[in-house]
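Only one structure is covered here, and it is reproduced in the block below.
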Amino acid sequence: MRPAAGALPWAPGAPPFDPRDTSARGSLTPRQVAERFIQLFYVEDNPTDAFTCWVHPDYIQHNPNAPTGRDATLAMMQASMARLPDLSHAVQRVVWGDADLVAVHFHFVREADTRGYAIIDILRIEGGYIVEHWDVMQDVPDPATSRNGNGMF
């Protein structure tokens, strides 16, 4: 599934920044931190680099199915990716907050040939790090059961 027009302000394969460069962390805006994290985590499907570079060790996780803390959350995601090699994230849109919050709406698929989930991640950014996360997840239904033709994305 392709991202909606204008979902990312850069070409997914060629961002105008090095998403692994944390050397200027202190001078980056929350949006710049989010852009780098989004590139690594959602576009490149690389949670290891995304979390290592941009998530604070004391990361607060609000999803009740995931542990809190950067390292514990990353270990859980790495195990999932090893178990589910077709796992993917397709960014549909990003809602840039006016302060320290960013919302990422994406299509998450755990296994090939499944409809997957529509998810919104809300990220709080502070001091050059992702420090807190909330999410909302909804099954993508069979289009034949939908009461409208608008689709999930």
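Just so it is clear, none of the values below were taken in a lab; they were calculated from the coordinates. Keep in mind the model is a prediction, meaning the values are calculated, not measured.
Points to keep in mind about this one:
- Under a Gaussian network description of the chain, with springs only between Cα atoms under 10 Å, the residue in T52, T114, T68 that fluctuates furthest is T114.
- Relative contact order for the range 26-140: 26 percent, from Cα pairs under 8 Å spaced at least 6 residues apart, divided by residue count.
- Most mobile of P47, P19, P85 in a GNM of the chain (Cα contacts under 10 Å): P85
- Between the range 48-102 and the range 104-119, the alpha-carbon center distance in angstrom: 15 Å
- Of all the options D45, D71, D86, the one that moves most in a Gaussian network model of the chain with Cα springs shorter than 10 angstrom is D86.
- Taking the convex hull of Cα positions in the range 26-140, its mean projected area over all directions (nm²): 6.6 nm²
- Calculated Rg and Dmax of the range 13-63 using C-alpha coordinates, Å: 10.8, 32
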